[in-house]
Amino acid sequence: MDAVRVRLRELARGRLTVALLGETRTGKELAARTLHDESGREGPFVGVNCAALPSDLVESELFGHAKGAFSSADRARKGLFRAAEKGTLFLDEIGDLSLDLQAKLLRALEEGEVRPVGEDRAIAIDVRVVTATHRDLGAMVSAGSFRADLHSRLSGASVRLPPVRERR
């Protein structure tokens, strides 16, 4: 864990997307918070478990939506990317996103902008993204259930957290 802490401090001030890897309950969210706290970014830390989002609302939750974009959209919503402006967005269980949402996430990361559901224009964002998963994304890429280009983009830097049973 000492080596993990050193690696997190090294990565904190950078702009790379960081992938946190490890088994369930190894402290990936705590590591993401450490990256944010040490980063010097002035915005908030916003965390979301992608697996816990209803599949029909994931896009709206991440990117926001315009009033009237769908039947229950009685008001506009910023979305989590914009809520994390100038801060860190932690996407836990990134391997659970659909291929469709993976493409939209890739575009947001590459372009530095999001397009809320029902909007005609994109909105620039300044957000550092940290992801986590207990899944083997490389195997998912081989199986065709995770985009290779997104995997490459998310793997700017990675930190593997050891299982709790291996820690003193």
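The values are calculated or read from the model by the stated rules, or taken from the named source; none is laboratory data. This structure is a prediction, so every number in the text was calculated from the model and none was measured. Glycine gets a Cβ as well: all are built from the backbone with ideal geometry, and neighbour counts include every protein chain shown. Keep in mind that these areas ignore ligands, DNA and RNA; they rest on the heavy atoms of the full protein, side chains included. Shrake-Rupley method; radii C 1.70, N 1.55, O 1.52, S 1.80 Å.
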Review point. Once phi is turned into ³J(HN,Hα) by the Karplus curve 6.51 cos²θ - 1.76 cosθ + 1.60 with θ = phi - 60°, what whole-Hz value does each residue of the stretch 98-103 show in order, with x for glycine and proline?
Key: 5, 4, 4, 5, 4, 5
Practice item. Please give the helix 28-39 orientation as an angle from the longest Cα principal axis of the chain, in degrees from 0 to 90, rounded to the nearest 10. Key: 80
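With a cut-off of 8 Å between alpha carbons and a minimum separation of six or more residues, what is the relative contact order of the stretch 13-168 in percent?
Value for the stretch 13-168: 36 percent.
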Point to revise | Tensor-based shape of the stretch 28-105 (alpha-carbon gyration tensor, a/c under 1.5 rounded, otherwise prolate or oblate) | key: oblate
Point to revise | Residue-by-residue Karplus 3J(HN,Hα) for the stretch 68-80, coefficients 6.51, -1.76, 1.60, Hz, glycine and proline x | key: x, 4, 8, 4, 9, 8, 7, 8, 6, 9, 5, x, 5
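Please report the relative contact order for the stretch 88-168, taking Cα pairs under 8 Å with a sequence separation of at least 6, and give it as a percent rounded to a whole number. List each step's numbers first, then the result.
Numbers: 66 pairs, mean separation 29.6, N = 81.
Relative CO of the stretch 88-168 lands at 37 percent.
Could you do me a favour and compute the accessible area per residue for the chain, 1.4 Å probe, result in Å²? Don't skip to the end; give the middle numbers.
Numbers: 9060 Å² over 168 residues.
Normalised by residue count, the accessible surface of the chain is 54 Å².
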Exercise for review: Would you mind classifying the stretch 1-59 by shape? Square roots of the alpha carbon gyration tensor eigenvalues, ordered a ≥ b ≥ c; an a/c under 1.5 is rounded, otherwise it is prolate if a/b is larger than b/c and oblate if not.
Suggested key: oblate
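Sorted by average packing, counted as other Cβ atoms within 10 angstrom per residue and highest first, what order do 66-75, 141-150 take? Spell out each step's value before the answer.
On the way: 66-75: 11.1, 141-150: 14.8.
By packing density, highest mean first, the sequence is 141-150, 66-75.
How many lysine pairs in the chain, separated by 8 or more positions in sequence or lying on different chains, have Cα atoms less than 22 Å apart?
Working: Lys28/Lys86; Lys67/Lys78; Lys67/Lys104; Lys78/Lys86; Lys78/Lys104; Lys86/Lys104.
Step by step, the pairs that qualify in the chain add up to 6.
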Study note, to complete from the structure: Whole-Hz Karplus couplings 3J(HN,Hα) for the stretch 130-143, θ = phi - 60° and coefficients 6.51, -1.76, 1.60, Gly and Pro as x, run 10, 10, 8, 7, 9, 8, 8, 5, x, 5, 5, 4, 4, 7
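Count the net charge of all other residues whose Cβ sits under 15 Å from the Cβ of Ser39, scoring Lys and Arg as +1 and Asp and Glu as -1.
Working: positive: Arg5, Arg7, Arg9, Arg13, Arg15, Arg33, Arg41, Lys86, Arg128; negative: Glu10, Asp37, Glu38, Glu42, Glu85, Asp126.
Cβ neighbours under 15 Å give a net charge of +3.
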Check your understanding: With N residues in the stretch 31-168, what two-decimal value do you get for its Cα radius of gyration over 2.2 N^0.38 Å?
Key -> 1.09
Review point. Nearest-5 percent of antiparallel DSSP beta bridges in the chain?
Key: 15
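Roll a 1.4 angstrom probe over the protein heavy atoms and tell me the percent of accessible area of the stretch 92-168 that is carbon or sulfur. Each step should come with its number before you reach the end.
On the way: 1760 of 4130 Å².
Roughly 43 percent of what the probe reaches on the stretch 92-168 is carbon or sulfur.
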